[in-house]
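Right, one structure below, let's go through it.
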Amino acid sequence: MSANSPAFSESLKHQFHARLTRFNAARLSPALPHDGWSGELRNECAMRMEEGQFVEQERARIWALAAAAPTEVTAFMPWFEALGETGPGQDDPLFVWLATHATLADMRWFLTQEAAGEAGFEDLVALTQVRMPTRPKLEMAANYWDEMGRGHERGMHGPMLDTVVRLLDLQPLVETTVWESLALSNLMVGLATSRRYAWQSVGALGVIEMTAPGRVAQVNAGMLRLGLPVAARKYFQLHAGLDIKHSASWNEEVIRPMVARDPRIATAVAEGALMRLAAGEACFRRYRSHLAAQGSATL
C-alpha cells in the first residue's frame, strides 16, 4: 500500500513524499562516478517500486473517469479540451480570493508552496519527448525552446520563478511544504521518468498548459494589488498569455496525431490529465484549509 493511501496519517504521507522528493532531486541531478553506485542503484530500485505503487494508486482513483473518455480522435479532442472547464479543480475559489483578498503573508505562503512543488516544466517535456513520433516531438521541442527563453538566459522560465523566490525572500523547503504539493511534483516526475507512463505524461503536461492561464492571471492580479514589483510578477504575466498558445499547439500537434495513430493512447492521455488535475485539486483544497486556519475567514 502506498503511503499516499487514506489509511496513512498526514505525517506518514508527508514523510513518504518528502523522501520521494529528495530521491527525485538526487536522481535527476548530474553526478560523477563513485564507489557506492551499486548501493545507490539498489536504493533507486526500492524507491522506484514505491513510486510505481504511488502512481498506480493515483491511476486507480481516476480510472472510471478515464475509461469513459472516447477513444476516437474527433470525439476525444473535445472531451480533453472540456477538462479546462469541467475537470477536477477548475474554478477553485482559491484563485479569485488570491486576486481580491489575500494579504501579503497569505500570498507569500502560497507562492512558497508553489515554488517548493515546482517540478521544472522544461525538464519534464525533455524527458517525455524521448523516442516520440516526429510531429509530436517537433512540437515538444518548440515548447521546450520557449521554456528555455529561445536561447536567451533572461527569457528562461525556470529562472523567472527563482526570481520570485529571491525578490520575495521565500524559503521553499521540503520540511515546510504540504504533502499535497510534494505529491503533485512527485507525480509529474514519476510520469515523465518512466516510459510506461509516457502517454500519461503527455496528457498531464497538456492539461497544465490548458488550465494554467486563468489561475496564473489571478495570481498576477493579486500580486499587482499587493504592490509587488513587475520583476516578481513576470513569471505569472508571461504564462497567463503564452500558455494559451502552447495549449492550442500541444492539443493539435501532440495529442491529436498520437490519438489518431493509436486510439488506445487516448485512455492513457486521459489518465495523465485527470491525475494531474486531481493532484492540483488536492493542493488547492489544502491551501484553502491552511489559509482559513490562519484567519482568512473569506475562504
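The values are calculated or read from the model by the stated rules, or taken from the named source; none is laboratory data. This is a predicted model, so every value here is computed, not measured. Here the Cβ is made from the backbone with ideal geometry for all residues, glycine too, and neighbour counts use every protein chain on show.
Would you please name the residue that is modelled with the lowest pLDDT, looking only at residues in the range 157-183 that are assigned to a helix (DSSP H, G or I) and in contact with a His (Cβ under 8 Å, 6 or more places away or on another chain)? Ranking the candidates gives HIS157 first. Restricting the range 102-115 to residues that are of a type outside the set (A, V, I, L, M, F, W, C) and part of a helix (DSSP H, G or I) leaves a set whose member that is farthest from MET160 (Cα to Cα) is ASP106.
Cβ separations smaller than 8 Å between residues 6+ apart or across chains give the following pairs from the range 39-63 residues that are part of a helix (DSSP H, G or I) and of a type outside the set (D, E, K, R) to residues that are modelled with pLDDT under 95 and surrounded by 12 or more Cβ atoms within 10 Å (Cβ to Cβ): GLN53/SER2; PHE54/SER2; PHE54/ALA3; PHE54/ASN4; GLN57/SER2; GLN57/ASN4; GLN57/SER5. Taking (1) small (Gly, Ala, Ser); (2) within 13 Å of ALA273 (Cβ to Cβ); (3) touching a residue at least 40 places away in the same chain (Cβ under 8 Å) in turn, ALA82 satisfies each apart from (3).
Within the range 156-178, the set of residues being more than 16 Å from PHE110 (Cβ to Cβ) and either touching a strand residue (DSSP E or B) at 6+ places or on another chain (Cβ under 8 Å) or not small (Gly, Ala, Ser) (or both) comprises MET156, HIS157, PRO159, MET160, ASP162, THR163, ARG166, VAL174, GLU175. Against the criterion of being surrounded by 17 or more Cβ atoms within 10 Å (Cβ to Cβ), charged (D, E, K, R) and in contact (Cβ under 8 Å) with a residue 60 or more places away in the chain, GLU122 does not qualify. The condition (being touching a His at 6+ places or on another chain (Cβ under 6 Å), free of Cβ contacts under 8 Å to residues at least 60 places away in the same chain and either within 23 Å of LYS234 (Cα to Cα) or surrounded by 16 or more Cβ atoms within 10 Å (Cβ to Cβ) (or both)) is satisfied by just one residue among GLU147, GLU153: GLU147.
Of the conditions (1) surrounded by 12 or more Cβ atoms within 10 Å (Cβ to Cβ); (2) under 19 Å from the mean Cα position of the chain (by Cα), THR86 satisfies every one except a single condition; which number is it? Checking THR86 against (1) surrounded by 12 or more Cβ atoms within 10 Å (Cβ to Cβ); (2) under 19 Å from the mean Cα position of the chain (by Cα), the one that fails is (1). Checking each residue in the range 134-156 for being among the charged types (D, E, K, R), touching a helix residue (DSSP H, G or I) at 6+ places or on another chain (Cβ under 7 Å) and at pLDDT 95 or above picks out ARG135, GLU139.
Taken over the range 116-130, residues that are within 13 Å of CYS283 (Cα to Cα) and part of a helix (DSSP H, G or I) amount to 1.
Note on the range 157-181: residues that are without any contact (Cβ under 8 Å) to a residue 12 or more places away in the chain and within 20 Å of GLU122 (Cα to Cα) amount to 2. The number of residues in the range 218-237 that are under 23 Å from ARG150 (Cα atoms), among the hydrophobic types (A, V, I, L, M, F, W, C) and in contact with a helix residue (DSSP H, G or I) (Cβ under 7 Å, 6 or more places away or on another chain) comes to 3. Applying the set (1) closer than 22 Å to THR71 by Cβ; (2) of a type in the set (A, V, I, L, M, F, W, C); (3) surrounded by fewer than 17 Cβ atoms within 10 Å (Cβ to Cβ) to ILE244 leaves exactly one unmet item: (1).
Give the residue, chosen from ALA66, ALA25, ALA99, that is within 19 Å of the chain's Cα centre (by Cα), in a helix (DSSP H, G or I) and buried (at least 17 other Cβ atoms within 10 Å of the Cβ). Walk me through how you get there before you give the answer.
Working: ALA25 fails: buried (at least 17 other Cβ atoms within 10 Å of the Cβ); ALA99 fails: within 19 Å of the chain's Cα centre (by Cα).
Within the list ALA66, ALA25, ALA99, the selection yields ALA66.
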